[in-house]
Amino acid sequence: MRILLALIAGGLFGAGLHLSGMTNTDKVQGFLDFFGSWDPTLMFVMGGATVPMFVAWRLTPNRAPLVGGSFPVLPDPALDRKLILGAVLFGMGWGLAGLCPGPAVASLSYGGTGGLVFLVSMIAGMLAAPPAKRWLDSPQALA
Amino acid sequence: MPMDWIWGLIGGLLIGGAATVYLLGNGRIMGASGILGGLVDGSGRNAWAERLAFLAALVAVPAILQGTQVVTAQTNLTPNIGLVVLAGLLVGLGTRIGNGCTSGHGVCGISRLSPRGIVATLIYIGAGALTVVALRSFLGGL
C-alpha cells in the first residue's frame with residue numbers, strides 16, 4: 001500500500017511539473033527575474049499546489065494516515081542558521097540553473113547530458129550536507 | 001504563451017494532489033530533496049522502498065508524456081557546464097542543510113502555515129532573484 005501510494009504521488013508530481021512548465025529552466029529563471037521580463041507562471045503553480053494541501057492539513061488533526069502511524073509533527077518554529085544558510089545556498093543554485101530537486105528528477109528522461117550533470121552534482125552536494133551540518137552545530141562554528 | 005498560467009494552475013493542482021496523497025496516505029511530507037537526499041545519504045534507510053517508488057514514478061510519468069508527445073517540454077538548461085555543476089552542488093547542499101526545497105518548504109510548508117517553511121521560501125526566492133540579476137548583469141545573460 002505504501003509503495004502504491006508513493007507511485008501515485010510521484011506520478012502526479014511528475015505530471016504536474018511537466019505540464020506546468022516547471023522543468024523548463026527559462027520559466028523558473030523568468031519567475032526569479034523580477035526586474036526583467038517577469039514570468040508569473042511559477043506563482044500559479046505554487047498557488048495551485050497550495051490549495052489541495054491547505055485542505056489536507058486541515059484534515060490531519062485527530063486522524064491517522066491511511067497506512068497507519070501518525071502525521072508529521074510541526075517542527076519547532078524557531079529559525080536557526082542551518083535553515084537560513086541552506087535556503088540562501090539553495091536559492092543561489094536555483095537562480096544559476098533554474099532547476100530545483102523535483103524538476104531535476106522529473107526531466108531526467110529529456111534533460112540531456114546537462115540535466116544528468118546537474119543531478120549528479122546535486123547528489124554530491126547532498127552527500128556533503130551531513131558533515132556541513134555537524135560543523136554548523138559544533139561550538140567552533142559560532143565564532 | 002498567454003495560456004501558460006492555466007497550465008501552471010493545472011500542473012500546480014496536480015502537484016498539490018500528489019502532496020495530499022503522500023500526506024494523507026503515507027503520513028509523509030512530499031519534499032523532493034528530502035525523499036532523494038534521505039536515500040543517498042542513508043538517513044532514510046527505513047523507508048527506502050517508498051522513496052524509490054516515488055522517484056521512479058517521478059521520472060517515468062514525464063518520460064511517458066514526452067515519449068508519446070502528449071505534452072512535450074524542454075529544459076533549456078544553460079550549456080555552460082561549469083555553471084550547471086556549481087548550481088547542482090549548491091542546490092544539493094543548500095536543500096539538505098536547510099532541510100527542504102520548493103516542494104517541502106514551499107508547497108507543504110506554506111499550506112501548513114509553518115513559519116520555517118514560509119521564511120525559507122522567502123529567503124530562497126530572494127537569493128534566487130538576486131542571483132538571476134547578477135547573472136544577467138555580469139555574465140551577459142543566461
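Restricting to segment B:97-123, count the residues that are assigned to a helix (DSSP H, G or I), open to solvent by less than 30 Å² (accessible area, probe 1.4 Å), in contact with a Phe, Trp or Tyr (Cβ under 9 Å, 6 or more places away or on another chain) and not hydroxyl-bearing (Ser, Thr, Tyr).
The number of residues fulfilling the criteria is 5.
Pairs only if they're at least six apart or on different chains, beta carbon under 8 angstrom, first in segment A:69-90 and more than 7 Å from chain B (Cβ to nearest Cβ), second surrounded by 15 or more Cβ atoms within 10 Å (Cβ to Cβ); list them, first residue then second.
Correct list of pairs: A:Arg81/A:Leu136.
Tell me, which residue of segment A:64-100 that is under 14 Å from the mean Cα position of the chain (by Cα) and in a loop (DSSP other than H, G, I, E, B) is farthest from A:Asp33 (Cα to Cα)?
A:Cys100
Look at B:Thr121 and say whether it is closer than 22 Å to A:Gly21 by Cα and either touching a strand residue (DSSP E or B) at 6+ places or on another chain (Cβ under 7 Å) or facing chain A (nearest Cβ under 7 Å) (or both).
When the stated conditions are applied, B:Thr121 does not pass them.
I want to confirm something. Restricting to segment A:21-57 and keeping residues that are among the hydroxyl-bearing types (Ser, Thr, Tyr) and assigned to a helix (DSSP H, G or I), which single residue is most open to solvent (accessible area, probe 1.4 Å)?
A:Thr50
Among the candidates B:Ile81, B:Ile10, B:Ile29, single out the residue that is touching a residue at least 12 places away in the same chain (Cβ under 8 Å) and at the interface with chain A (Cβ under 7 Å from one of its Cβ atoms).
Within the list B:Ile81, B:Ile10, B:Ile29, the selection yields B:Ile29.
When both residues are 6+ apart or on different chains and their Cβ atoms are under 9 Å apart, which pairs have a first residue that lies in segment A:94-107 and is at the interface with chain B (Cβ under 7 Å from one of its Cβ atoms) and open to solvent by 10 Å² or more (accessible area, probe 1.4 Å), and a second that is assigned to a helix (DSSP H, G or I) and aromatic (Phe, Trp, Tyr)?
Correct list of pairs: A:Cys100/A:Phe90; A:Cys100/A:Trp94; A:Cys100/B:Tyr124.
For segment A:108-133, give me each residue that is polar (S, T, N, Q), more than 7 Å from chain B (Cβ to nearest Cβ) and either closer than 16 Å to B:Gln66 by Cβ or under 16 Å from the mean Cα position of the chain (by Cα) (or both).
Across segment A:108-133, there are no qualifying residues.
Which of the following residues is within 28 Å of A:Gly112 (Cβ to Cβ) and touching a residue at least 60 places away in the same chain (Cβ under 8 Å): B:Arg96, B:Arg51?
B:Arg96
The values are calculated or read from the model by the stated rules, or taken from the named source; none is laboratory data. Because the structure is a prediction, the values reported are computed rather than measured. Glycine also receives a Cβ, built like all others from the backbone with ideal geometry; neighbour counts cover every protein chain displayed. Side chains included, ligands, DNA and RNA excluded: accessible areas come from the protein's heavy atoms. Shrake-Rupley method; radii C 1.70, N 1.55, O 1.52, S 1.80 Å.
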